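The values are calculated or read from the model by the stated rules, or taken from the named source; none is laboratory data. Since we're looking at a predicted model, the values are computed, not measured. With ideal geometry, Cβ positions are generated from the backbone for all residues, glycine too; neighbour counts draw on all protein chains shown. We work out accessible area using only protein heavy atoms, side chains counted, and drop any ligands, DNA or RNA first. Shrake-Rupley method; radii C 1.70, N 1.55, O 1.52, S 1.80 Å.
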Amino acid sequence: MIGGATEGTLSRADGSQLAVAMTAAPLVDSSGEPVGRVVVLRDVSREHEAERMKSEFLANVSHELRTPITPIKGYAEMMSRKKFPRAKEESFLAGILQSTERLERVVEILVDFAAMEAGRLKPRVEPVPVKDLVARLTDKWRQRDGEHRFVRKIGPDVPAIMGDPKLLGRSLDELVDNAVKFSPDGGQIEISAEPYANGSRSARNSRVRITVRDHGIGIEPEQMPDLFQDFRQGDGSETRSFGGLGLGLAYVKRIASVHGGDVIVESQPGKGSSFSLVLPAATAGRITEVTKRARKSR
Ligand SMILES: Nc1ncnc2c1ncn2[C@@H]1O[C@H](COP(=O)(O)OP(=O)(O)OP(=O)(O)O)[C@@H](O)[C@H]1O
Ligand SMILES: [Mg+2]
């Protein structure tokens, strides 16, 4: 029940159903005689959808927090109980590390998200060499995931970008995480960077486009408009085969706009997807501006 009203469903002419809340009150004339009833029907489908998404999100958070704890605890308990051969211990430790990283990712994204919601996220903007950013990202994923081939492509004339290296690294991590999750083992994932002109010659060195491209399941056109919404997943069913919170892309989009940047998606169902972060380049003017702002806030 929402707002003390009785709920029900109405059938539309096309056969589809609409959730409604109904409130009724007697209608009286000037002498107080009942002459009828006033019935108000309110469309509550949005409230129902919000409630459904909230419980789905809470279930996803519990799942994402609980899943990595089981191996961490299990391996640590085994190692504390008895001595294992060195190779076995190393594989246990690798398992603990992997699960800890998974846990860390969920906690960090939730903490940043809460800070953004409260308007408390203060990026530490500085010039970030794109080559280093992409190299770190590729090396990390090569170590973390032996099932995909990670290919790095960086043009010779890519300028540095202005941004918070930690937040940008986390955003790119989310794009690679999706590329890995939604493409088959053995698939190639390309991480590239190039100056982004968007048609104008003079703008050539003012923005940089960093792209993560996969050859996975792709995205259906009807899914595109909801892609960056909080808690939104392509498959929100209880039987879905991919884990996650449905926050990754919403996070990337927000971090991009905090930096005055944008996200571009291109995808073909069954063929693959590419997600690009477009970010302002570190021009001399921008560096001076940020340095001045930092000095003032000291
Ligand atoms: N590279 C991709 N290929 C295919 N589908 C994708 C890709 N990236 C995102 N999607 C679709 O967009 C949805 C939203 O992605 P998002 O990263 O926001 O959430 P998620 O990956 O499901 O969960 P998490 O919060 O753990 O990232 C995904 O559930 C998936 O349906
Ligand atoms: Mg994701």
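Checking segment 79-96 against the condition returns no match, with no residue being β-branched (V, I, T), within 16 Å of ligand 2 (Cβ to nearest atom), touching a residue at least 24 places away in the same chain (Cβ under 8 Å) and not in a loop (DSSP other than H, G, I, E, B). Within segment 4-13, the residues that satisfy the criterion of being under 30 Å from D226 (Cβ atoms) and either free of Cβ contacts under 8 Å to residues at least 24 places away in the same chain or β-branched (V, I, T) (or both) are G8, T9, S11, R12, A13.
Answer with yes or no whether D145 is exposed (fewer than 14 other Cβ atoms within 10 Å of the Cβ) and of a type in the set (D, E). It is false that D145 is exposed (fewer than 14 other Cβ atoms within 10 Å of the Cβ) and of a type in the set (D, E). When A256 is tested against the conditions (1) open to solvent by 40 Å² or more (accessible area, probe 1.4 Å); (2) more than 14 Å from ligand 2 (Cβ to nearest atom); (3) at pLDDT 90 or above; (4) within 24 Å of L110 (Cα to Cα), the lone failure is (1). Can you tell me which residue is farthest from Q229 (Cα to Cα) among those in segment 17-33 that are open to solvent by 70 Å² or more (accessible area, probe 1.4 Å) and of a type outside the set (D, E)? Filtering first and then ranking leaves S31. Has segment 204-213 got any residue that is outside any strand (DSSP E or B) and open to solvent by 60 Å² or more (accessible area, probe 1.4 Å)? Among the residues of segment 204-213, at least one is outside any strand (DSSP E or B) and open to solvent by 60 Å² or more (accessible area, probe 1.4 Å), which makes the answer yes. Filtered by the rule that a residue be under 22 Å from Q143 (Cβ atoms), open to solvent by less than 80 Å² (accessible area, probe 1.4 Å) and not charged (D, E, K, R), segment 80-102 gives A87, S91, F92, A94, G95, I96, S99, T100. Screening the candidates G32, G36 for the property of being assigned to a strand (DSSP E or B) and more than 46 Å from the chain's Cα centre (by Cα) yields one hit, G36.
Looking at S273, S192, just one residue is at pLDDT 90 or above, open to solvent by less than 60 Å² (accessible area, probe 1.4 Å) and within 16 Å of ligand 2 (Cβ to nearest atom), and that residue is S273. Remark: pairs (first residue in segment 153-178, within 16 Å of V252 (Cα to Cα) and open to solvent by 20 Å² or more (accessible area, probe 1.4 Å); second residue within 16 Å of ligand 1 (Cβ to nearest atom) and among the acidic types (D, E); Cβ separation under 7 Å; 6+ apart in sequence or on different chains) = R170/E108.
One line per residue, one yes/no per condition, for (1) without any contact (Cβ under 8 Å) to a residue 40 or more places away in the chain; (2) under 30 Å from T100 (Cβ atoms); (3) surrounded by 13 or more Cβ atoms within 10 Å (Cβ to Cβ); (4) in contact with a helix residue (DSSP H, G or I) (Cβ under 9 Å, 6 or more places away or on another chain):
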site	(1), (2), (3), (4)
G15	yes, no, no, no
V35	yes, no, no, no
D43	yes, no, no, no
E47	no, no, yes, no
A59	yes, yes, no, no
E64	no, yes, yes, yes
T70	yes, yes, no, yes
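Can you confirm whether V263 is assigned by TED's automatic domain parsing to the domain that holds I191, modelled with pLDDT of 65 or more and in contact with a strand residue (DSSP E or B) (Cβ under 8 Å, 6 or more places away or on another chain)? So V263 passes the test.
Conditions tested, residue by residue: (1) within 16 Å of ligand 1 (Cβ to nearest atom); (2) at pLDDT below 90.
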| residue | (1), (2) |
| --- | --- |
| S206 | no, yes |
| E222 | yes, no |
| G248 | yes, no |
| S267 | yes, no |
| V278 | no, no |
